[in-house]
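Inspection log for the structure reproduced underneath, given as structure tokens.
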Amino acid sequence: MSSITVCARFRPLTSKEKLNGDADSVCIRCIDSETFVFKDDKDEELTFSFDRVFYEESKQDDVYQFLALPIVRDSVNAINGTIITYGQTGAGKTYSMEGPGILECDEQKKGLLPRVVKGLFDSLSPSDEELTFSIKLSMVEIYMEKIRDLFDLSKDNIQIKESKSRGIILHGVTEITVLDPAEALQSLSRGIANRAVGETQMNLASSRSHCVYIFTIQQEFSREKRMRSGKLILVDLAGSEKVEKTGAEGRVLEEAKTINKSLSALGNVINSLTCGLQGKTSHIPYRDSKLTRMLQDALGGTARTALLCCCSPSASNVSESLSTLRFGARAKHIKSSPRVHCIEEKSNTGSTASSPPGDEFSSRIMNELGKRLNVEDVKLLEELFIQEGILYDLQSVEEDQEIENLNFQTISLLQEALEKLTSAIDELKRENSILKAKVDASVEFSFCKEDKKRLIHNTIFGGVIFVSLWGLLVWVI
Ligand SMILES: Nc1ncnc2c1ncn2[C@@H]1O[C@H](COP(=O)(O)OP(=O)(O)OP(=O)(O)O)[C@@H](O)[C@H]1O
Ligand SMILES: [Mg+2]
């Protein structure tokens, strides 16, 4: 078992933040490359430690070397890997992933993606003539809780399927074979151009979807009768946002709500993975959103995972940064069991890692078997093939979809109900405090009245006694 790698990255202040005078109120103080002190909105100092902290002067290559390179090397050795950028909107997730642009020529500014592409091709360049390899690339975005193929926009509702042998699969997603780094970058650039991006008050080019880049690396050794395959997934999440800060309205507001919901589903998965009683397996709500279902293998599964928590250093974003850092601190407790994947007999290599054979392919196989075996045996074989992920039960794909939609709707309804309940409680509290103040005032008033009465009573009583004593004295005299 190993923990996931968690790093924090603080971007430089933006020119807008500098103009607002935020330069004087930066919320972090560096201790060393793993630890820093964070000042919250009550001026309390909290110490955070991560596997590595990248401060504002850190270089894109520092992030690649520490966070991504070990995962790139693993993926070449058939251990699946996932790299995720997480954080508030405008915190630097896309910048870390792509750089200022995917085809950016400034070597220093290049993001993780172009470096990963180069790293993969460098690690695979066959010094051994017996080795042949191929790299396939898919790109999807999760937009408004639907998975869209960024290489083929007509595929706008891709469904998720799970197979025992291949793990999570995107049913029918486009895979492009890339032959060299330049071709890979051109394809990435084409996919990125199709991604949903919008302007908000917090970020001129805000990602309005979660973007997922999938590299499938297949290697074949002609000496051995085997081939191996590893998957490397990079995820550039859309940022969490406070609607009052981003000024979202209309469609952008709907996007923000969906983004926040799926990010809270991600938070719930991480909580369940890290809160469970030791030694007992509790239910992990992976199916509550497309994002968590797609990342199932990366969160407590068999992939090696790295998380980059991107933050603004400005005191004006202190609550969002604190929540990002707490998310990272919790994620650090997730345990995964990375293992070598997909070592297959060469004879099984006809199908690709993520494209399930279609209806036509399945029925051809079953027809062939039907010619030689009896009906019962064919049925049994079909069940076994589906169980092992050799054939796909298309019915179950739809069920998966329905369950996911239902879960997402239930979460949405519950969240709306919770929001209403919270505002009702706030309103009741406010009314309660007004009533309390009224009661206090009237009690005080009645005390005053009581005191006055007592004073009048005492005065009259005192007067009567005085007059009586005076009369008695006169009579005695
Ligand atoms: N390390 C950095 N160095 C220089 N500029 C940066 C850095 N990180 C982010 N920026 C700049 O900050 C701005 C916002 O960054 P970016 O678009 O990456 O945010 P994001 O986290 O992807 O936001 P969203 O969730 O809205 O997509 C961009 O103009 C980007 O160039
Ligand atoms: Mg972004």
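Where a number appears in this text, it was derived from the coordinates with a stated rule and is not lab data. This structure is a prediction, so every number in the text was calculated from the model and none was measured. Positions of Cβ are backbone-derived with ideal geometry, glycine not excepted, and every protein chain shown enters the neighbour counts.
Per-structure values
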{"quantity": "At R0 = 25 Å, FRET efficiency that the Cβ-Cβ distance of S264 and I425 yields, to 0.05", "calculated": "0.80"}
{"quantity": "Spin-label model distance (nm) - E220 vs E34, 7 Å beyond Cα toward Cβ", "calculated": "4.5 nm"}
{"quantity": "Histogram of C-alpha separations across the range 1-147, 10 Å bin width, %", "calculated": "9, 32, 33, 19, 6, 2, 0"}
{"quantity": "Charge dipole of the range 2-342 about the Cα centre (unit charges at C-beta), most positive-ward option of I158, A256, S125", "calculated": "I158"}
{"quantity": "Candidates per GluC sites (Glu not before Pro) in the range 1-67, loop by DSSP, up to 10 other Cβ within 10 Å", "calculated": "E44, E57"}
{"quantity": "The range 2-342 - percent relative contact order, Cα under 8 Å, separation 6 or more", "calculated": "29 percent"}
{"quantity": "Inverse mean reciprocal Cα-Cα distance (Kirkwood Rh) of the range 76-201, Å", "calculated": "16.5 Å"}
{"quantity": "Kirkwood estimate for the range 199-297, i.e. one over the average of 1/r between Cα atoms, Å", "calculated": "16.3 Å"}
{"quantity": "Check: the range 2-342 dipole with +1 on Lys, Arg Cβ and -1 on Asp, Glu Cβ, in debye", "calculated": "1240 debye"}
{"quantity": "Point-to-point label distance, M366-S272, nm (Cα→Cβ direction, 7 Å offset)", "calculated": "3.2 nm"}
{"quantity": "9 Å beta-carbon shell around L322, net charge (K/R +1, D/E -1)", "calculated": "-2"}
{"quantity": "Computed label-point distance, nm, for sites L418 and D377 using a 7 Å Cα→Cβ extension", "calculated": "5.5 nm"}
{"quantity": "The range 2-342, Rg to Rh (Cα coordinates; Rh as Kirkwood inverse mean 1/r)", "calculated": "0.96"}
{"quantity": "Efficiency of FRET between L131 and N20 - r from beta-carbon atoms, R0 51 angstrom, step 0.05", "calculated": "0.40"}
{"quantity": "Neighbourhood charge, 13 Å Cβ-Cβ cut-off, centred on K155 and excluding it, Lys, Arg +1 and Asp, Glu -1", "calculated": "-3"}
{"quantity": "For D74, net neighbour charge (Lys/Arg +1, Asp/Glu -1) across residues whose Cβ lies under 14 Å away", "calculated": "+4"}
{"quantity": "Cβ-placed point charges (K, R +1; D, E -1), dipole of the range 134-190 about Cα centre in debye, nearest 20", "calculated": "220 debye"}
